[in-house]
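Student: Before anything else, here's the structure in question.
The values are calculated or read from the model by the stated rules, or taken from the named source; none is laboratory data. Remember, predicted model here, so these are calculated numbers, not experimental data. We place every Cβ from the backbone using ideal geometry, glycine too, and count neighbours over all the protein chains shown. SASA here: full protein model, heavy atoms, side chains in, ligands and nucleic acids out. Shrake-Rupley method; radii C 1.70, N 1.55, O 1.52, S 1.80 Å.
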Amino acid sequence: MTVSVASPASVAPVSVASPVSVASPVTEPAARPDRPGITELRLSAFAGHRGAAFPLGPVTFLAGRSGSGKSTALRAYEALARLGGWAALDEVFPDPAACVPERARPDAQRRRGFRIGCTADGSEGPVRLDVAVQAEPELRLVGERLTAGGRVLLETALRDPSRRVVQAAWHTAGSSPVTRGPLPDDRLGTALLPLRVAGKTDGQRRVLAAAEQMVVALRSVFACDPRPDSMRGHVPLGAGRLLHGCGNLAEVLWRTRTECGRRHALFAAAVRAGCAGPVADVLAEPLGDGTVRGLLDRGDGVRTPLGLLGDGELRYLALALVLMTGPGVLEVDPVGEVPAALQALTVLADGFDRA
């Protein structure tokens, strides 16, 4: 479980380019983790950040003055996660010009863009991913590099601007040291490698293992911003996957209570500890019209609708539910080939001190 949160506070900036302070737990060196996780976020040139690197631990807290780029850092992290889940570039960056550093000047071809990256640690050791995105005059992924152990495993570059592809080269270590081929310029190449690499040589297997580690780490991310106003009303029953704003919290309660009594009991205990007044249980009540509402059972015949709770209580309920349910219930797409025991959950929460 990894949690990254951003919250305003008055702290001294760590650098001119990135006035955001990162507080992470210090741990002794340990064996390689079995579950892949992102250990560093890099914003080489992204919005207000230049040359910024954020180390990430089991719990990471970003603090800084208003406008220092805390939310921007989380936005870049979420963007990488969505690209790792095979999302198209225009879905991830609907306003790409807003990601370009303000004072970035266009080149001779009037092109401007931004660069972000991350490191995923796991059984393969640290694996680095760096991505260059052209935002203007048209959005496209113009460069990508995946490296591990000092070796470049995948590298892409835009060779012909008239074609909607990039030229890719990945490590082979067979009769030919690299294999070359085109990849689309609107998808992350690392996420597409399992479809293109056969895994016949040691080099190809190394490429696949590194790509899988990066993709699993990125696809474990769930960006969560509980919005109390959307959590107060009745919600229709559906797939039971918690949404970004947690507006369907009552629907997820219905699913967790019926599918996993032990986990629901732990959630109820957390609610009991964090909400005002007695709490015997947390219920989801179907209303006969295809909708459901959430209730706190006070244990004396009184049931309090979630709509009557304060903003802070509702955000607390939502964040507790996120941590209790995990990616099997959240709107996270687990990698089907990876055993559940190796899957992780990374929660991104902005404005952690709000309400």
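Student: For the stretch 155-180, give me the residue count where each residue is surrounded by fewer than 14 Cβ atoms within 10 Å (Cβ to Cβ), farther than 11 Å from V142 by Cα and in contact with a strand residue (DSSP E or B) (Cβ under 7 Å, 6 or more places away or on another chain).
Tutor: Residues meeting the conditions: 1.
Student: Next up: So which residues in the stretch 286-301 are open to solvent by less than 50 Å² (accessible area, probe 1.4 Å) and over 20 Å from T325 (Cβ atoms)?
Tutor: G290, T291, R298
Student: Moving to a separate point now. Which of the numbered conditions does S220 fail, given that it passes all the others? Conditions: (1) over 23 Å from I38 (Cβ atoms); (2) within 18 Å of the chain's Cα centre (by Cα).
Tutor: The number of the failed condition is (1).
Student: For the subset of the stretch 111-125 comprising residues that are open to solvent by 70 Å² or more (accessible area, probe 1.4 Å) and under 30 Å from Q213 (Cβ atoms), which member is nearest to the chain's Cα centre (by Cα)? Give the derivation first.
Tutor: Initially, the stretch 111-125 is screened for residues open to solvent by 70 Å² or more (accessible area, probe 1.4 Å), giving 111, 115, 123-124.
Adding the requirement that they be under 30 Å from Q213 (Cβ atoms) leaves 115, 123-124.
On the way: R115: 17, S123: 20, E124: 21 Å.
Looking at the filtered set, the residue picked out is R115.
Student: Looking at the stretch 19-35, is at least one residue closer than 21 Å to F222 by Cα, at pLDDT 95 or above, assigned to a loop (DSSP other than H, G, I, E, B) and not aliphatic (A, V, I, L, M)?
Tutor: No, that holds for no residue.
Student: Have a look at A79, A98, A108 and point out the one that is assigned to a helix (DSSP H, G or I), surrounded by fewer than 19 Cβ atoms within 10 Å (Cβ to Cβ) and hydrophobic (A, V, I, L, M, F, W, C).
Tutor: A98
Student: Let me ask you something else. Hand me the list of helices (runs of 4 or more DSSP H) wholly inside the stretch 181-285 holding 2 or more residues that are touching a helix residue (DSSP H, G or I) at 6+ places or on another chain (Cβ under 8 Å) and open to solvent by 20 Å² or more (accessible area, probe 1.4 Å).
Tutor: Ranges flagged: 202-219, 261-274.
Student: Let me ask you something else. Restrict the check to the stretch 176-189 and report whether at least one residue is among the polar types (S, T, N, Q), free of Cβ contacts under 8 Å to residues at least 60 places away in the same chain and over 28 Å from V92 (Cα atoms).
Tutor: Yes, there is a match, as at least one residue in the stretch 176-189 is among the polar types (S, T, N, Q), free of Cβ contacts under 8 Å to residues at least 60 places away in the same chain and over 28 Å from V92 (Cα atoms).
Student: I would also like to ask the following. Could you list all residues from the stretch 217-235 that are of a type in the set (S, T, Y) and farther than 25 Å from L295 by Cα?
Tutor: From the stretch 217-235, those of a type in the set (S, T, Y) are 220, 230; that's our starting set.
Across the stretch 217-235, the qualifying residue is only S220.
Student: Given the criteria assigned to a loop (DSSP other than H, G, I, E, B), under 25 Å from G351 (Cα atoms) and among the charged types (D, E, K, R), does E124 qualify?
Tutor: Considered against the rule, which asks whether it is assigned to a loop (DSSP other than H, G, I, E, B), under 25 Å from G351 (Cα atoms) and among the charged types (D, E, K, R), E124 comes out as no.
Student: Something else about it: Out of all the residues in the stretch 331-355, which are of a type outside the set (G, A, S) and at pLDDT 70 or above?
Tutor: If we filter the stretch 331-355 for residues that are of a type outside the set (G, A, S), which is where we start, we get 331-335, 337-339, 342-343, 345-348, 350, 352-354.
Within the stretch 331-355, Q343, L345, T346, V347, L348, D350, F352, D353, R354 qualify.
Student: Can you name the residue in the stretch 140-154 that is in contact with an Asp or Glu (Cβ under 7 Å, 6 or more places away or on another chain) and either open to solvent by 70 Å² or more (accessible area, probe 1.4 Å) or small (G, A, S) (or both) and, of all such residues, is farthest from D202 (Cα to Cα)?
Tutor: Among those residues, the one meeting the criterion is R145.
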